[in-house]
Amino acid sequence: MTDDDIRALFLEELARIAPDIDPGTVGGGDHIQDDLELDSMDVLNLVTALHARTGIDIPEPDYPQIETADKAVAYLSRALA
Amino acid sequence: MANLGVAGEDETDPFHDWRTGVPQDPARYGLNIAYEAIDRHVATGYGAEEAIRWLGKDDSRRSFSYSDLQDMTGRVASVLQSHGLEPGDSVFALMGRVPELYATALGTLRAGMVFTPLFSAFGPEPIRTRMEIGGAAALVTTAALYKRKIAPWRDEIDTLKLVLIVGDDAPEGCVALGPAMAAARADTPPVETSPDDPALIHFTSGTTGKPKGAVHVHGAVVYHAVSGRNALDLAPGTIYWCTADPGWVTGTSYGIISPLVNRVTMIVDEAEFDLDRWYETIGREGVEVWYSAPTAIRMMMRAGAEAAAAYDFSSLRFLASVGEPLNPEAVVWSEEVFGQPFHDNWWQTETGGIMIANRPGMEVKPGSMGKPMPGVEAAIVEPGEGMVTLLPDGEVGELALRPGWPSMMRAYLHEKARYDKCFVGGWYLSGDLAMRDADGYFWFVGRADDLIKTSGHLIGPFEVESALIEHEAVAEAGVIGVPDETAGEIVKAFVTLNPGREASDALERDIRGHARKRLGAAVAPREIVFRKTLPKTRSGKIMRRLLKARELGLPEGDISTLETDET
C-alpha cells in the first residue's frame, strides 16, 4: 500500500464513523478530537475499523499516533513495512 | 462579609463562634458557594495554597492559589455586573477545561448569578435548547465554539445580553474576556445570597419533552463539603483529580465545588482521555485521590496491566468511580494494577451530590454502588397512586430517597408538574431500578424509563429522535440504548423513511452525519437501522421498550397497547 492508499483508507473510515466530516476538507494536521470533534468512542471505533482493513493492531498507548491523518499515515505505513 | 462556615475546626475560623462552635446565623450573613470555596480559605490564612494545578493540552502548566482564584473570580463577577447583569441572572459557560471555565463558574456564583455549564462537545441544537429553557442572560465561550455553534442563531435568544469570549479578541457583538478582566476590579465581594437562593442549573434529559433544568441552591455547599470528606476522603492539601468535565454535574459538584471547599489542590487536565498521559499524570503530580468513570476505567483495562507496568501509582490513596455501574472485573483489576480498588458510588443530577457509596474504609462489594451516605435514607420501592410500597431486601424496585438532604434539586426550571412527579408518598423517585442485599448494599439493575446511559452521560431518546426527524428523508424515529462493553450503552436509532426514499448505506451515513452536526458526537446515534414501520401504541407513541426487548432478545412483556407492529 502506498502512503496515498493509506491516507485514502484512513479518511474513508474516518468519514464512515463520523459522516459529518467531509473527507475532502480534512487537513493532514487536523486533530481528530480537537478539530474534527470525534469523541473517545469514535476513536475506539476508528481503531477497530483500521484493524479490520489493515490487520494492524493499534494498542491503546499508540492512539496519539493516529490523532491526525499525517501521523496515522506515517504510523500505519511503518507498521505495514 | 461573614458567612456560615462548614469548616470551623480552628480558632481562626470567623464563621463559627470558636468558643461555642455555634455557626453564625446564615439568615444574617448569607451563604455563598464562592465564599465557601475561596474567600474562607484566604481569610483564614491559606490564600497561598495551591487550589488548581492546570495541565494544558500542549503540556503547558499553570498553578492558581486560592488568592489567585479570589482575584480571578472577583474580576469575572465585576465584568458581569458592569454589563448590567444582576443577581439571579443566568450565566452559561461553553468551553473546554480551561482556567477561565473555573473563574467563570465561581465568579458567577460570587456575583449571586446562576451558573450553567454546558458540555463543549454538544452540537448547536442541545446548546440552543438549554439556553432557551434557562433564559441565558450571558454566555462565556471561545471564539471557535462561538463561530461554529452559536453565531448562526445567537440573535434569536432574546434574553441574551452578553457574550464573553475567552482570550484577547472577540468576534463582532461579543466582548473579549481577557481585557475585560484585566480592567475589572479584583476585590468584588461575594453577594450575600441565602442558602435557598439558586446557584446552579444542570440540565438533564427527559424521556419525553425537552431537557429539564435541575435547580440547585447555595445551601447545597454544606453537602458538597461533607460528602467530599466522607465519600472521597478529601482533606486540606489532598492532591485530587476528578476527570469529569464540568459540563456534567460530577465535574461541577466534585470537579469544582467540593474539592475547593475542602481546600484540596485539584488537578485539571485540559486534554481528553489518553492512556499514557493519564498514567504519567498520577505519578508526576502525586495524585492521592482519583475520581473517574467506568468508560475510562474500561479503556484502561483494554490496554492491559502491561501498559500500566512502567508507571508509579504509589501516591494513590483512594479511587472512586461514578456514572454507571462499575463492573466487578474493573474493581478487581484496579486493585491489582493501582494497588487500590475503584469505589463505585451513585448519585444523579437531581441529587446534587453522592448519595450511595462504597466509602473509604468500607468493604467494597465489586459491582455494588455501596451503602447510603450518612444522613441519607434510601429504599427500594414500588411506586403506586400517591404512595409507595417499601420492598424487602433482594427484590428489584425503584431506588428512592427521603427528601431533605441539602444538595437536593429544588425545581425543574419552569416545569413544576414534572418536578412534583418525582416525589411520591414522601420519597424522591430516582428512575433507577435497583435492589438492596441483606448487608445493606445497593445494586443497580437498570433504568425504570427509556433514558440511555452512555459513557456516564444520561441521554434522552426524545432529543435524539427530534433531531433525526428533522432530516428530510426520515419520517419517524425510535431511539434506544444497546449494551456496549466500553460505553455501558450506545445510542441506536430505528427510523422509517418518507415516501420515495430508499434505505442505503449512503443514506444511513447522511442521517448519522446530520445527527452528529446537530447533537454532537456524544449524543448522536452510533448506529441507525431502517424499518418500514415502527411498533406503536394506539395513541401513536413509539414503543421503545419493545424495540429494546427485541434488540436484546428479551421477553416482550405486556404488548396489549401495541397497535401497529414493527416491519
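Only Cα pairs under 8 Å and 6+ residues apart enter the sum, and on that basis the relative contact order of the range A:3-80 stands at 42 percent.
The alpha carbon centroids of the range B:349-370 and the range B:528-563 are separated by 35 Å.
For the residues of A:33-45, the average number of beta carbons from a partner chain within 10 Å of their own beta carbon is 6. Relative to the longest principal axis of the Cα atoms of chain B, the long axis of helix B:294-303 lies at roughly 80 degrees. Toward the positive end of the charge dipole of chain A, with +1 on the Cβ of Lys and Arg and -1 on the Cβ of Asp and Glu, the farthest Cα among A:PRO64, A:ALA15, A:LEU76 is that of A:LEU76. Between B:VAL445 and B:LEU433, B:ALA434, B:MET435, the built amide H atoms are under 5 Å apart, and every one of these is 5 or more places off in sequence or on another chain. In a simple Cβ point-charge model (Lys, Arg +1; Asp, Glu -1; nothing else charged), the range B:29-272 has a dipole of about 320 debye relative to its Cα centre. The charge dipole of the range B:504-567, taken about the Cα centre with unit charges on the Cβ atoms of Lys, Arg (+1) and Asp, Glu (-1), comes to about 360 debye, rounded to the nearest 20. Taking Cα atoms only, the orientation of helix B:328-338 departs from the longest principal axis of chain B by about 40 degrees. With 10 Å bins beginning at zero, the pair-distance distribution over Cα atoms of chain B amounts to 3, 17, 28, 28, 17, 6, 1, 0, 0 %. Along the charge dipole of the protein assembly as shown, Cβ charges K/R +1 and D/E -1, which of B:MET301, B:VAL376, B:GLY255 sits furthest on the positive end? Result: B:VAL376, furthest along the dipole toward the positive end. Looking at the protein assembly as shown, what % of the alpha carbon pairs are farther apart than 49 Å? For the protein assembly as shown, the fraction of Cα-Cα distances above 49 Å is 10 percent.
The residue list B:ASN230, B:THR159, B:VAL217 was ranked by how far each Cα lies along the charge dipole of the range B:105-241 toward its positive end, using unit charges on Cβ atoms, and B:ASN230 comes out on top.
Sorting the segments A:16-23, B:556-563, B:293-300 by their residues' average number of neighbouring beta-carbon atoms within 10 angstrom, most packed first, yields B:293-300, A:16-23, B:556-563. Given +1 at the Cβ of Lys and Arg, -1 at the Cβ of Asp and Glu and no other charges, the dipole of chain B around its Cα centre is 1000 debye to the nearest 20. Cross-link pairs exceeding 30 Å in C-alpha to C-alpha distance, out of B:LYS212/B:LYS532; A:LYS71/B:LYS149; B:LYS147/B:LYS536, comprise B:LYS212/B:LYS532; B:LYS147/B:LYS536. Shape class for the range B:452-564, computed from the alpha carbon gyration tensor (a ≥ b ≥ c): oblate, with a/c not under 1.5 and a/b at or below b/c.
How many percent of DSSP beta bridges within the protein assembly as shown run antiparallel, rounded to 5? Here the share of antiparallel DSSP bridges comes out near 60 percent. Against chain B, whose longest principal axis is taken from its Cα atoms, helix B:221-232 shows a tilt of about 80°. Whole-Hz Karplus values for the range B:538-554 come out as 4, 7, x, 7, 5, 8, 4, 4, 6, 4, 6, 4, 5, 4, 9, x, 9 Hz, taken residue by residue from phi with 6.51 cos²θ - 1.76 cosθ + 1.60 and θ = phi - 60°; glycine and proline positions read x. Remark on B:LEU234: its backbone amide H falls under 5 Å from those of B:ARG229, a criterion applied only to residues 5 or more positions apart or on other chains, H modelled at 1.01 Å from N.
Under a 5 Å amide H cut-off, with hydrogens placed 1.01 Å from N, B:ALA411 pairs with B:VAL215 among residues at least 5 apart or on other chains.
Only the coordinates and a few stated rules stand behind these numbers; no lab work does. This structure is a prediction, so every number in the text was calculated from the model and none was measured. As a convention, Cβ positions derive from the backbone with ideal geometry for all residues, glycine included, and neighbour counts pool all protein chains shown.
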